[in-house]
Every structure is written in C-alpha cells, then in structure tokens.
1. Output the residues belonging to the range 294-317 that are open to solvent by 50 Å² or more (accessible area, probe 1.4 Å), in contact with a Gly (Cβ under 8 Å, 6 or more places away or on another chain) and modelled with pLDDT of 60 or more.
2. If I go through the range 497-547 residue by residue, how many of them are assigned to a strand (DSSP E or B), of a type in the set (Gly, Ala, Ser) and touching a residue at least 12 places away in the same chain (Cβ under 8 Å)?
3. For the range 456-490, what are the residues that are of a type in the set (D, E, K, R) and assigned to a helix (DSSP H, G or I)?
4. Any residue in the range 485-496 that's basic (Lys, Arg): show its pairings with residues that are not in a strand (DSSP E or B) at Cβ separation under 8 Å, as long as the two are six or more apart or on different chains.
5. Could you figure out which of (1) of a type outside the set (D, E, K, R); (2) crowded, with 18+ Cβ neighbours inside 10 Å; (3) over 44 Å from the mean Cα position of the chain (by Cα) isn't true of Gln368?
6. Only residues that are on the phi > 0 side of the Ramachandran plot, of a type in the set (D, E, K, R) and modelled with pLDDT of 85 or more: list them for the range 467-511, please.
7. How do the pairs read when you match residues in the range 135-157 that are touching a residue at least 24 places away in the same chain (Cβ under 8 Å) with residues anywhere that are open to solvent by less than 70 Å² (accessible area, probe 1.4 Å) and among the aromatic types (Phe, Trp, Tyr), using Cβ under 9 Å and keeping only pairs 6 or more apart or on different chains?
8. I want to confirm something. Restricting to the range 254-279 and keeping residues that are part of a loop (DSSP other than H, G, I, E, B) and small (Gly, Ala, Ser), which single residue is modelled with the lowest pLDDT?
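The values are calculated or read from the model by the stated rules, or taken from the named source; none is laboratory data. These numbers were taken from a predicted model, which means no experiment stands behind them. Here the Cβ is made from the backbone with ideal geometry for all residues, glycine too, and neighbour counts use every protein chain on show. For the accessible areas, the whole protein counts, side chains as well, though only heavy atoms, and no ligand, DNA or RNA atoms are used. Shrake-Rupley method; radii C 1.70, N 1.55, O 1.52, S 1.80 Å.
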Amino acid sequence: MLRAEASTQRAVRTARDTWFDHVVIGVALAALLSGFRSIIAGNDWWVTTILVAALTGLACAVLRAVGLRWVAPIAIVVELLALAWIFVPETLMVVVPTFDTFRELGNLASAAQEIIIEEQAPVAAAEPVVLVMASSFGLLVIVADVLLQRRHAASGIGLLLLAVFATPALISGDTPSVWLFVVVAALWLLILRSRTGLGGSVARGQRGPALVLATAALAASVAFPIISPDVSAVATSWGKPPPAVFGRGINPMLELGQNLRRNGTTTALTYTTGLPDAPYLKVATLRDFSGKTWKPGSAGGYRAREGADMIDPRIKVNKESTTITIRQLRTTMLPVPYPLEKVTGLEGNWDPGLGLTMTSRTDNTRGQKYSVTSLDIQPTANQMRALPAGSELLLKLETDLPDKVPAIIGDTARRVTEGATNQYDQVIALQDHLRQTGSFTYSETAPVADGYDGNGIDVIAEFLEKKSGYCVHFSSAMAVMARTLGIPSRIAVGYAPGSVVGVKDGQNQYEATSDDLHAWTEIYFEGVGWINFEPTPSVGSPTSFREPGSPTSETDDGEVPSTNNPSVREQDGSVDTAAPAASTAERTAPRTALVTTVALVALLGLPALLRSARRRWRLSRAGASVEPLWRELEDTARDYGLPFSPTDTPRGFISHLGGRDGIDREALERLLLRVERSRFARSAAMDGDGTYDLRAVVASLAGGASRAERWRAVALPRSLAGRRAYVPSGPLTAT
C-alpha cells in the first residue's frame, strides 16, 4: 500500500514540476518580449504575440500532462490554426485551413521579409511583422518544451533565453537592460533549481556543485550587461540602413517612405534666397506611371515647352537667385528651385534633365556650393482660369493611365470637381479635398501597418478609402485623379522648404534636413507651365492665386505670394503620426484577445469533454458486455496516476488498485468477478450490468484522492494517450 501511495505522490509532484517549468519559461519569454519594443513600435503586437505563445505553450503542457506522443507536431498545428484565425480568418473553411490559408500566410511572411530588409527600427506594427513575431515566439515555446524533456534541460533553456535576449540588441544596437537580464536570469535559476533538485530531492553530494552554479549564474546575470561589448557595433538597424533617395538607377519614389521613417536626422544642405518664400528644391521629376509606381521620366518624347519661353507675357514674372551649400548630401542629382534658368558655381559636368532638373554622369553634389537663378511666376486667379488646358498631344505621357483604374479614383475626382468649369478650379478642388481638415490625416506609419504603402494604382485606391498616408500617397492621389479628368500631371521629388537657422548677408539662411524629404504634385497649364500644388495636409500652404478684391492675397510689402514656393516645411513633429497606426493596431488586438481566449478555454476543456464522452459511450454499452466497464475502470485508475500495463491480468491490475486508501473493495471484487466470468466461464450471468459497481469504485477512488489529483484526473486525463503502459516517475517505495 505504501508502495502505490508513494508512486502516486511522486507522479503528482513530477507533473506539478513540469507545469511549473512551463509557466516559468512563459513568464521569461514574456519579459524578453518587452525588449523587442526597441525594434517594433506600438503595443498590439505584444498582446498578439503573448496570446499566441500562451496558447501554444498551453497546448504543449496539456499534451504532456495527458501523455500523448508527438507533442511538437500537434502544438505546431495548434499554433497554425491560431495564426490563421487571427490573421487570415476569411481563408478558413469553418476551422479547417485551406490552400488559400497557406498562400495568404506566405504572402504576409514575404511582406514581412521586405519590411525587415528595407525598414529601419523601430518599424510600425504592420500585420506581416506581427505575424512573424507571434509565430516565432510560438515556435520558441515549442522548442523550450522539447528541451524540457532532455536530461540537461536547464542548460539548453538558458542558451535559448540568452539568444532571445540578445536578438533585439543586435538589431537596434541598444544596450541590454540590466534589470531585464536579472529578471530572466532569476527565472532561469528557478528552472535550474527545479531540474537539479535544490531543496531536498537531490543527493547531498550534488547540492554543493548545483549551489555554486546557481550563485555564479546570478553573478553573471548582473555583470553581463555591464562588461559585454557595445552591441551597436554589430547592430544592423533592422536589416540595413535606408538607401539613398537620390542617385543613379534609384527610383526616389520607392525610397522616400523608408527614409522619412529612419531614425536620426542629417543636414542635407543650407541656402539663402531672394525669393519671397523659401522654395521647394526639386531633385527629380516623375512622369511615367505604369500603374505600379511612378518612374523618373527621360527627356525623350517630351515636346511641351518649359520655362520663361512659354509664359504668357501678360503674367508677372520675377527672377531671383538662390545660393545652395551642400552639407551631407551625396548624389548625382542636383537640388534646384523650379523653374530654373541657369546654374553657376558648379564643379564638374552637369546636364539638364526632364523638368528643368540637373544630373551628372561623372560627378556628385558632395562639397558643392552653387547659385541658381529661377523664376517667380505670379499670375492672378482669373488669369489661371482663362488659360487653355494643356495639349494632350504634347503631353501624352503626362495624361496616360493604366488600362484598369479602380472606380473610386475617377468617381472621387468627378465628385470633388463637380461644378468646376475650368482646369484651375478643378485642380484647386482636388487639392482642397486632400487637405480637408478632419478627412485625411498625415501618417508615415499607417500605410505600413495597414499594408498599403507605395504609390501604385491599387495603393492609391486604398489610400482614398483609409484616408491616411504621407506625401507619396497624397501627391500620387492628386496626380492620378487629375489625369482621370484629362489634366496633365506629374510628381516632383526633393526637399520641402527648410527652417530658418540664421541670417547671412541680410537674408534668412535655411536648412533642409533628411526630415524635409518630400513629394508634391505638378500640374501643367498652357501659358504658365508646370505649377506646384501641395495636397499633403499639415505640410506647406495650399497653392492659390490672388482673387479679385481679395484683401488677404498680398503680403505686407504688397507682393503676391509665390505659388511655386510654399513656405512651410514637412515636419514629423507637427502631426500625430502614431494615431493612425494605433487605430490599425487596435483593430487587431480585440480579434487576437477574443480568438485566443476562446481557444484557451476550448483547449483547457477539450480533454475533459473527450473523456466524458468516452465514459458515457462505455456506460451505454454496459448491458451487452462487461468489457466497456472494465476499460473504463482501467482508464480511471490511469487518470488518478495509478500504475498500469496493458499486459496486466485483471487480478494483477486489482492488486495495484486494491491497495489504495478508501477503495470500495466489495464493488471492486464484484467487477473482477464479472470480467473473469465474461472471459473465462461458459456462463457469465450475474445480476445487473455492473454499472452501479463501477460508479461505486470510481467514487471511492475520487474520495481517497487529493484535490489536485481529482482536478488533474478530470482536466488532464492520462487515459486519452492510449493504452500504453504507465508507471509513475521516480522510485517506488517498498512496503
């Protein structure tokens, strides 16, 4: 009797320690996850990752407790189902993954790879990035569960936790937190204690080495972050630093977004100007639109005139000089105000490009200081309304659109410009619509988080629905909507007007930094040329011209403000770029919490439901045979942790079971008699079907068990693992 009781207690203690180890590892991974805040912005990804990892870990713990084999493959399936329900629920057939499920998850993984390679930490909590984090930590939990089954589990778990701790530091370059390291190290010591038996179960001679190891590990946990080398030297800034926006063979529209989101600010150039307002400095002109992206156009096939030669003589034009000094900008494309007339002071060979830009095949801007003479065009609003539309024959590429244009683009353009009777009023209406307060918002992170970053035709359509983006989206949307109305348009990329940093030679000195990278829309008017328009809200001032009798259309000195030179820079700090991204994140968190909570409850209750269903089925067949009752008795004994082997005879099994305190021996003997008669006697007739006796034995087993044993027998029945032999862990105590 003492032998069986000791075996049962040892089994319960081992199961409790296994659950304890799983919980400790889960807490350690949750703590380590906080370190990844240096590479991923927001909070929703943290909630999603924790819940997916918790679901996976619970699956592992339940499967281990029940005694099933192939725990890791089954846990991977559980994690896959959770990820599918959270990220691509529309692809599931009720709860079964389909081919589309794997395809969409693969697409998200590919998108995450692009973000990891191209973006700089911290990145927005885009859905692909959250998927990678959640799936990775789910797999880490499975790996930890596998390591726990090894003989030297503590050392493997320690290396795993150390690798997770170091990962965000190697990516972002931030020094690891001492307190985070101490907390995780302390949790690992709990696992070490559990596995080495500190506190009583380990042999006396083994306590000394284990204690020395624990003390050394704790000391190392404090010293490591202090004496470890500077990880910033090997940090990769989430894949690689953002590439240059401007350069030979580079499409500036593709690189602009990630450079706006980069960490740190560099001074690109400084300048002084005689223009009434600080000018936009154009570097590239994009006119070719295939539907996927805007591309830099070449001068070939361009027939429309540009510059002073084509301006209607009735329109007022001034010439002013701007002196530019390059600081930390190295490119083969020269920043210049538009429209330029001439450039002086340049070193090297520079050629005119499309849109009155300047490029070089052999030289770059490094160390250059030059002066640009440009035109300040000042028409009135009525003069603009009277101008004829640009010739589609001369500007075919500037009006081209893909064969398939989403309906929302053309519909929005026509709705917004309804009632406008000329090209100028149409363009002003488009600009005002995009800058409308409370409608569109500026955000560099929301397009990434929602998966519509870019400037293709489908991206523009989604942007018009989501109404949140940055200059690439606003300028592209305005240009494409203008083309749907037959208005020639193109994109200019360069620097928005910088901030005043001093006074030089009686003029304000401006500074343009990497934060001033910008894209805006240019619209063609016959008799004036290309005019800058600013559709991005919170950036610059909307383009407009002096209306008849307008008292506010002139500056204090009586001059009409220059339309081509809006005087407010694009500033990250002036708008709440995090709010749109947060709204995206909040949309994911409730789904994650709901799905995972339901899954956790279902996973916890599933073993009990399956065991109950099997018990009811066996009892329903008791009238035909005693065998279902005997199988139920064997399984119940296994559920309570009693020794079992499928090779035991009925009497051999009873010898194990009968020694348990509180067992109903009379009912047990009657069941034994029934099964022996059924198997070996010619006549097995007995009163009743044995159901009453089985219930009596099961009730006596439960009455003699502890509360923990009863809970485990119901929630985590070992009998679901099949009829494999079961012997409680640890040595059996002799009677």
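1. Arg305, the sole residue that qualifies.
2. 4
3. Selection gives Asp458, Glu462, Glu465, Lys466, Arg483.
4. Going by the 8 Å Cβ cut-off, the qualifying pairs are Arg490/Gly297; Arg490/Gly355; Arg490/Glu398; Arg490/Ala479.
5. Only one criterion is unmet by Gln368, namely (3).
6. Answer for the range 467-511, where residues must be on the phi > 0 side of the Ramachandran plot, of a type in the set (D, E, K, R) and modelled with pLDDT of 85 or more: just Lys467.
7. Short answer, once both residue conditions are applied: Ala154/Trp188; Ile157/Trp188.
8. From the range 254-279, those part of a loop (DSSP other than H, G, I, E, B) are 261-266, 274-279; that's our starting set.
Next, only the ones that are small (Gly, Ala, Ser) stay: 264, 274, 278.
Numbers: Gly264: 60, Gly274: 89, Ala278: 88.
Step by step, filter the range 254-279, then rank; the result is Gly264.
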